[in-house]
1. Within the range 28-41, can one find any residue that is of a type in the set (Ser, Thr, Tyr), in a helix (DSSP H, G or I) and more than 17 Å from the chain's Cα centre (by Cα)?
2. Condition test on ARG67, is it part of a helix (DSSP H, G or I) and modelled with pLDDT under 95?
Amino acid sequence: MGTTLTPEFWRQSAVLLAIAMAVTFVLTAALDALALRAQQRRAARRPSGPGTTGTTTLRRPERTVVRTPVKS
């Protein structure tokens, strides 16, 4: 049994394709905006370089090197 594709089918296909594309574009834009916001927050928290002074950077205390004598 062969069926023909009616104009109504093509209209509905076009409408569904347009809706799917619109949803895809909107979701992509929203997720990109969230990712950009998160990236900017991380960049704002990070110190700007090695010469920065501030209370937010934690420095590891310097350790003195203790060498044990070598037995021969």
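1. Filtering the range 28-41 down to residues of a type in the set (Ser, Thr, Tyr) leaves 28.
Keeping just the survivors that are in a helix (DSSP H, G or I) gives 28.
If we keep only those that are more than 17 Å from the chain's Cα centre (by Cα) too, we end up with none.
No: the range 28-41 contains no residue that is of a type in the set (Ser, Thr, Tyr), in a helix (DSSP H, G or I) and more than 17 Å from the chain's Cα centre (by Cα).
2. no
The values are calculated or read from the model by the stated rules, or taken from the named source; none is laboratory data. Just so it is clear, the model here is predicted, and its values are computed rather than measured.
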